[in-house]
Amino acid sequence: MPPPVPRTSLIVEGNVSTSWCARIPGLRSHLGPVLGLSLRNASRAVNQMRFGHAVDSLAALKSTDLLLLAIPEESIAPWIDRLLASPFPWNKCAIVLCSTREDSAMLTPLEASGAHTGSLSEMDGFSGQRYLFEGHNVALHRLRRLIEFSSDARIVEIKPRHRPVYEAGLSFAAGMTFPMIAAAVDTMRAAGLHPKVAEAAVENAVTSAIRAYLRAGRRGWSGPVARSDRNELRRQYKALFDVDEELAEMFLTIALDYLAETASRPRTKSPPPPKDN
């Protein structure tokens, strides 16, 4: 028999009906008290979500096992002050910040008072089936009893206070990849390809690279950059420079950055010599 779902409460500000927080699996069936800046604010949130019940004081939360904070960044510190100023100990409570940016570092004063802190966010691209968590194990276990026991959704854990590292991974994957893809399409168009054909060719190349990585890891990387083939890269750079100097400089910068980095590493095997055309 699974353990009981934790007694769950919510502190909320703003229009919760459009927030991913209102879609957290298990919340509709198990949410209890909802506290806002006023009873009117809490009642509005309950009416928007159509579950939970509005309360007007922290006293209504004193028996909570899992307290979710769906509040904007600028409101975190004032709410922490209110929680710490209340006469109720929070050392048995798991307090989780629902945020797409901030992590449990924001809740350090509550952690120091004995609360089990953490942060939770919905992961983009998973249609509400994956949630990112970092923080204390007690908070994680209670969230799992709320989310995973009532749905197919799963919680993905990262190291505590490592939210910015995870976001750096997203920047690599999307923020830095996007201009590279745009540059690749522009380069192929400079070669004379129709825009749609250029986009399809780049899509195929990117998809193939992803598949190769998932299949073989770094060993799946191929091409002149992976081989440190300076002769081939030089040939491509010169041809590109003749048609678009700006793209050529971007190409050169990326190639040189990689080659400079790899040149400083000890080699266990020399790259194959360039083939004659």
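The values are calculated or read from the model by the stated rules, or taken from the named source; none is laboratory data. All values derive from a computational prediction rather than experimental measurement. Don't worry about glycine lacking a Cβ; one is built from the backbone with ideal geometry, like all the others, and counts go over all protein chains shown. Heads up: the accessible areas ignore ligands, DNA and RNA and are worked out on the full protein's heavy atoms, side chains in. Shrake-Rupley method; radii C 1.70, N 1.55, O 1.52, S 1.80 Å.
Structure notes:
- Only residues that are open to solvent by 50 Å² or more (accessible area, probe 1.4 Å), under 23 Å from the mean Cα position of the chain (by Cα), among the hydrophobic types (A, V, I, L, M, F, W, C) and over 18 Å from residue 207 (Cα atoms) were counted in region 150-197, giving 2.
- Of all residues in region 12-24, those that are open to solvent by less than 20 Å² (accessible area, probe 1.4 Å) and assigned to a loop (DSSP other than H, G, I, E, B) total 1.
- Near pairs, Cβ below 6 angstrom, 6+ apart or cross-chain, from region 182-193 (within 12 Å of residue 250 (Cα to Cα)) to any residue that is at pLDDT below 95 and open to solvent by 40 Å² or more (accessible area, probe 1.4 Å): 183/250
- Subset tally (residues that are open to solvent by 10 Å² or more (accessible area, probe 1.4 Å) and part of a loop (DSSP other than H, G, I, E, B)) for region 95-149: 17
- Taken over region 72-85, the criterion of being under 11 Å from residue 35 (Cβ atoms) and either modelled with pLDDT under 95 or open to solvent by 60 Å² or more (accessible area, probe 1.4 Å) (or both) is satisfied by 82 alone.
- Tallying residues that are within 33 Å of the chain's Cα centre (by Cα), without any contact (Cβ under 8 Å) to a residue 60 or more places away in the chain and in a helix (DSSP H, G or I) within region 207-247 yields 19.
- Filter result for residue 42 (among the hydrophobic types (A, V, I, L, M, F, W, C), in a strand (DSSP E or B) and more than 19 Å from the chain's Cα centre (by Cα)): no
- Contact annotation: residue pairs with Cβ atoms under 9 Å, 6 or more positions apart or on different chains, pairing a residue in region 151-175 that is touching a residue at least 24 places away in the same chain (Cβ under 8 Å) and at positive phi with a partner that is open to solvent by less than 50 Å² (accessible area, probe 1.4 Å) and of a type in the set (Asp, Glu), are 161/103; 161/134.
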